[in-house]
Amino acid sequence: EDMFARLHHELSTPGDKPRFAVLFTQNLHGREVPEDFLQQIGGLKYGNETRYDVYYNLQHYTDWCLGQFMSTARSQPYFNNTIFAITADHTSHINPNLYENYHIPFLLYAPALLSPARYDSVGSQLDILPTILGLLNLEAVHASFGRDLMQVAARNESGFAYLMLGDSIGWIEGPWLMHDPLGETAPRLYNYIDNPELTNNV
């Protein structure tokens with residue numbers, strides 16, 4: 001909550017140049033929500049009879065913080081000139097396969113600048129920089145290996161993503177996920193759309 005308040009402060013500071021800000025939260029990394037924070041959001045949402053209740057309550061609190069921030073931001077001058085990009089580095093690791101660990105959202109929120117849409121192209125964090133540069137219509141030299149996901153979707157391409165987990169690597173393209181444990185066993189190929197559990201090596 002304090003970090004979102006600081007982000008609001010930074011974005012509200014007057015200035016005549018465009019700015020780029022990053023907020024990295026580690027709320028969901030194995031801690032319980034402090035009791036005084038819980039009181040602000042009406043107490044626990046998930047009781048200890050729920051599996052992973054600590055994690056889900058942390059998620060609930062983080063969602064509340066983001067909601068409070070957006071509610072405040074909507075009434076500020078910077079809101080209509082800002083692209084909010086929201087993503088994660090990985091999922092909860094509750095399901096330990098390569099696909100489920102990295103099947104994350106990437107949300108671009110800018111109601112004054114972007115029309116609502118959903119794209120199914122595959123992408124990764126490497127694509128965030130070129131995508132935002134494309135939305136801003138900025139041509140810039142950069143060192144990202146990624147691509148502008150809006151252009152990928154406009155060309156009706158499937159996109160691709162590189163994955164890494166421990167000592168193994170993966171590649172996703174179209175409906176296919178190739179997983180290479182780097183020496184433990186032979187590389188494996190899965191159709192993650194039909195088989196998200198990655199149990200059927202084709």
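The values are calculated or read from the model by the stated rules, or taken from the named source; none is laboratory data. Not measured: the values here are computed from a predicted model. Cβ atoms come from the backbone with ideal geometry, glycine included; neighbour counts cover every protein chain shown. Each accessible area value is taken on the protein alone, full model and side chains, heavy atoms only, with ligands, DNA and RNA left out. Shrake-Rupley method; radii C 1.70, N 1.55, O 1.52, S 1.80 Å.
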* To do: Send over a whole-number figure in Å² for the accessible area per residue of region 14-57, probe 1.4 Å.
  => 84
* **Carbon/sulfur fraction of accessible area - region 110-191, other protein chains in place, 1.4 Å, %** => 58
* Asked: Based on the Cβ-Cβ distance of Tyr119 and Met3, what FRET efficiency does E = 1/(1 + (r/R0)^6) give at R0 = 25 Å, to the nearest 0.05?
  -> 0.30
* To do: Please state the charge dipole magnitude for region 57-202, taken about the Cα centre, from unit charges on C-beta atoms (+1 on K and R, -1 on D and E), reported in debye and rounded to the nearest 20.
  => 500
* Note down the accessible area of His9, probe 1.4 Å, to the nearest 10 Å². => 110
* What is the Cα centroid distance between region 46-90 and region 128-176, reported in whole angstrom? -> 25
* Asked: In terms of the Cα gyration tensor, with a ≥ b ≥ c the square roots of its eigenvalues, is region 1-110 rounded because a/c is under 1.5, prolate because a/b exceeds b/c, or oblate?
  -> oblate
* With r defined as the distance between the Cβ atoms of Trp176 and Phe106 and R0 fixed at 22 Å, what FRET efficiency is calculated, to the nearest 0.05? -> 0.65
* Karplus 3J(HN,Hα) series, Hz, for region 51-66 with 6.51 cos²θ - 1.76 cosθ + 1.60 (x for Gly, Pro) -> 4, 6, 4, 4, 4, 5, 5, 4, 5, 4, 5, 5, 4, 4, 4, 5
* **10 Å binning of all Cα-Cα separations within the chain, expressed as whole percents from 0 upward** => 7, 27, 31, 25, 9, 1
* Relative contact order (percent) for the chain, with alpha-carbon contacts under 8 angstrom and 6 or more residues of separation? -> 12
* Structure fact -> trypsin sites (Lys or Arg not before Pro) in region 24-116 lying in a DSSP loop, each with at most 11 other Cβ atoms within 10 Å of its Cβ, come to Arg31, Arg51, Arg74
* Structure fact -> Heads up, region 88-179 by the C-alpha gyration tensor (a ≥ b ≥ c square roots of eigenvalues; a/c under 1.5 rounded, else a/b over b/c prolate, else oblate) looks prolate
* Among DSSP beta bridges lying fully in the chain, give the percent that are antiparallel, nearest 5. => 95
